[in-house]
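Here is the structure we will look at.
The values are calculated or read from the model by the stated rules, or taken from the named source; none is laboratory data. All of these numbers come straight from a predicted model, not from anything done at the bench. Cβ coordinates were reconstructed from backbone atoms using ideal geometry, including for glycine residues, and neighbour counts include every protein chain displayed.
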Amino acid sequence: MPEGPSIIILKELVQPFIGKKILSVTGNSKQDIQRLSGQKVLDFKSWGKHFLICFNKFSIRIHFMLFGSYSINERKETKKTRLGLHFKEGELFFYACSVKFIEEDLDDLYDWRADVMNDNWSPARAKNKLKQIPDTLVCDALLDQHIFAGVGNIIKNEVCFRIFLHPESNVGALPAKQLNQLIKEARNYSFDFLKWKKAYVLRKHWLAHTKKICPRCEIPFIKKYAGKTQRRTFFCINCQVLYNNLPLKNNSNDGTVIVKNKKQQLQGMIRKLKSGEYRLYSRVKDTKTNKRKNLGTFNTLAAAKKHEQEIQYFKKK
Ligand SMILES: [Zn+2]
């Protein structure tokens with residue numbers, strides 16, 4: 001499914017059609033697409049994953065859903081055209097997408113400040129919206145198009161990995177610094193995505209999405225259809241910190257390696273050593289040495305985790 005940056009690329013590619021008249025229309029869309037015949041394209045816009053073609057007094061919204069695609073000046077023979085726009089010089093084809101007429105003014109319909117790639121993007125508004133949904137999981141919040149229009153599943157996975165954040169954290173449990181980073185990187189990563197996609201090197205830069213091993217810890221990623229959105233989520237339970245709204249005692253046994261709650265109570269962190277062993281370190285640095293304390297070395301990750309839980313149990317006593 002095209003994420004926001006892919007729609008920006010499409011918008012750039014179709015610029016030559018601005019000001020051009022549509023001579024004929026084809027496609028199996030059930031909308032009254034013949035209405036477009038003879039119309040002049042005034043502009044192309046985008047809002048998140050929505051691609052908008054603007055005409056005099058109305059617009060067309062193309063949403064690529066899960067399997068939609070497009071082609072320019074060349075029809076894909078293997079696909080059924082949903083909407084084909086034929087100009088004197090050139091053609092535009094859209095496949096397996098949703099096509100909808102919009103009669104309202106786009107400025108009334110769309111909040112451009114919610115689009116992470118828009119010049120009008122407002123981090124402050126995103127933060128306000130997030131504060132209203134404290135129990136929502138980060139993985140669901142990132143995919144919420146009213147907060148982060150344009151962010152899709154790849155961006156979601158990569159942003160969480162980049163900022164060391166467990167995607168099943170509750171939004172309301174994030175410390176201010178982490179919340180700000182989440183908002184900042186949703187936009188930053190989207191522009192990296194755009195740059196890499198244009199250079200055909202996007203996949204090469206994936207660190208978490210579809211990956212099996214965490215490149216930072218060299219231990220297996222968890223793959224899970226997380227949250228209410230139930231989209232594929234890849235994360236490392238060692239280096240991505242879980243912040244949640246639950247009291248610590250309720251989640252100490254859920255298999256999560258690092259758990260922080262609102263009060264910033266800290267457990268250890270586990271690193272894989274070159275020798276193949278696992279070492280447990282304190283999360284808090286020693287004030288004298290400014291280093292994390294070595295809390296023990298173990299042959300297996302499970303043993304390291306077990307010890308960590310024992311320490312936690314001991315601390316609470
Ligand atoms: Zn990791």
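Descriptive notes on the structure:
- CYS54 fulfils the conditions (1) buried (at least 21 other Cβ atoms within 10 Å of the Cβ); (2) touching a helix residue (DSSP H, G or I) at 6+ places or on another chain (Cβ under 9 Å); (3) under 15 Å from LYS11 (Cβ atoms) except for a single criterion, (1).
- Inclusion of GLU158 among residues that are within 16 Å of the ligand (Cβ to nearest atom) and part of a loop (DSSP other than H, G, I, E, B) is not warranted.
- Total residues in segment 230-256, condition away from the ligand (no atom under 16 Å from the Cβ), at pLDDT below 95 and in a loop (DSSP other than H, G, I, E, B): 7
- Each residue in segment 10-40 was checked for being in a loop (DSSP other than H, G, I, E, B), of a type outside the set (S, T, N, Q) and touching a residue at least 60 places away in the same chain (Cβ under 8 Å), and 4 of them qualify.
- For the residues SER46, SER37, SER29, the requirement of being within 15 Å of VAL151 (Cα to Cα), of a type in the set (S, T, N, Q) and in the same structural domain as PHE93 (by TED's automatic domain parsing) singles out SER46.
- Total residues in segment 193-208, condition touching a helix residue (DSSP H, G or I) at 6+ places or on another chain (Cβ under 7 Å) and either away from the ligand (no atom under 14 Å from the Cβ) or free of Cβ contacts under 8 Å to residues at least 12 places away in the same chain (or both): 8
- Condition met for LEU207 (out of contact with any strand residue (DSSP E or B) (no Cβ under 9 Å at 6 or more places or on another chain) and under 27 Å from LYS272 (Cα atoms)): yes
- Here VAL259 passes the criteria (1) at pLDDT 80 or above; (2) of a type in the set (A, V, I, L, M); (3) within 16 Å of the ligand (Cβ to nearest atom) except the one numbered (1).
- Filtering segment 61-78 for residues that are in the same structural domain as GLN230 (by TED's automatic domain parsing), buried (at least 19 other Cβ atoms within 10 Å of the Cβ) and assigned to a loop (DSSP other than H, G, I, E, B) leaves an empty set.
- Residue pairs whose Cβ atoms lie under 9 Å apart, separated by 6 or more positions or on different chains, with the first residue in segment 56-81 and closer than 26 Å to TYR110 by Cα and of a type in the set (A, V, I, L, M, F, W, C) and the second exposed (fewer than 10 other Cβ atoms within 10 Å of the Cβ) and modelled with pLDDT of 95 or more, are PHE58/GLU103.
- Residue in segment 153-161 that is surrounded by fewer than 19 Cβ atoms within 10 Å (Cβ to Cβ) and of a type in the set (A, V, I, L, M, F, W, C) present: no
- Yes/no for LYS223 being within 16 Å of the ligand (Cβ to nearest atom), of a type outside the set (Gly, Ala, Ser) and part of a strand (DSSP E or B): yes
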